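Just so it is clear, none of the values below were taken in a lab; they were calculated from the coordinates. Because the structure is predicted, anything quoted here is derived from the model rather than measured. We place every Cβ from the backbone using ideal geometry, glycine too, and count neighbours over all the protein chains shown.
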Amino acid sequence: MDYEVVLVEEKTVVGLMVTTTNEENRAMTDIGMLWGEFLQAGVYDSISNKINAKGIGLYTDYEGDFTKPYKFLACCEVSEATDIAKMVVKMIPRGNYAKFIVKGHMQHAVAEFWSNLWGLSLDRKYSSDFEEYQNNSNDMENQEIHIYIAVND
C-alpha cells in the first residue's frame, strides 16, 4: 500500500457520532447506519459553514489500538460550528498523517483498505484517523477517497 506522510492542519468537524468496535464486525453495521442517518435524514444538508462538499469519516477517541472501542463520526469540515443541535463538534488535530488514496466502490474499497491497513507495519498514533470522500463522481463504483492515518513524528 503506497502512501505519503503529510502535515495536516487542525480541522473542525461537525456531525453524528457513535461508539463502536471492530469486534464481530460491529463497526460495519454501526458506521453504515450512522452514514445513512447523516446523509438521508438531512443532517448533512443542515450543517452551516461547510468548508467544502466533502464528507469525512472520523475515527477518534481510541481506547487502545484498532482492536479496542473508539468513536466514529460521520461529519464534514466547517469554518465555524454553529447551530449544531443534536450533532457533535470535534477537532482533527494538526500533525503528521500517512495519506492513502483509495479508488473504487465507496464502501467496498474503504473496507478493503482497513483490512489491509491492520496488517501494515505503521507507527500509528491512534489519535484521529479520517476518510475524506472527494465526491468527484456520481458513480458509487468509481469514487476517490483520501484516507489519513495519524502517525508518530
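Computed values, structure above
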| item | result |
| --- | --- |
| Cβ-derived FRET efficiency at R0 41 Å, Leu39 paired with Asp123, nearest 0.05 | 0.75 |
| Using alpha-carbon coordinates, inclination of helix 26-40 to the longest axis of the chain, degrees | 30 |
| The chain - charge dipole about Cα centre, Lys and Arg +1 at Cβ, Asp and Glu -1, debye rounded to 20 | 240 |
| Relative contact order of the chain, defined on C-alpha pairs under 8 angstrom at six or more residues apart (%) | 30 |
| Contour minus Cα-Cα distance for Ser115 and Ser48 (0.36 nm per residue) | 20.7 nm |
| Efficiency of FRET from Cβ geometry, Asp61 and Glu24, R₀ 25 Å, rounded to 0.05 | 0.80 |
| At most 15 other Cβ within 10 Å, DSSP loop - GluC sites (Glu not before Pro), the range 34-110 | Glu63, Glu80 |
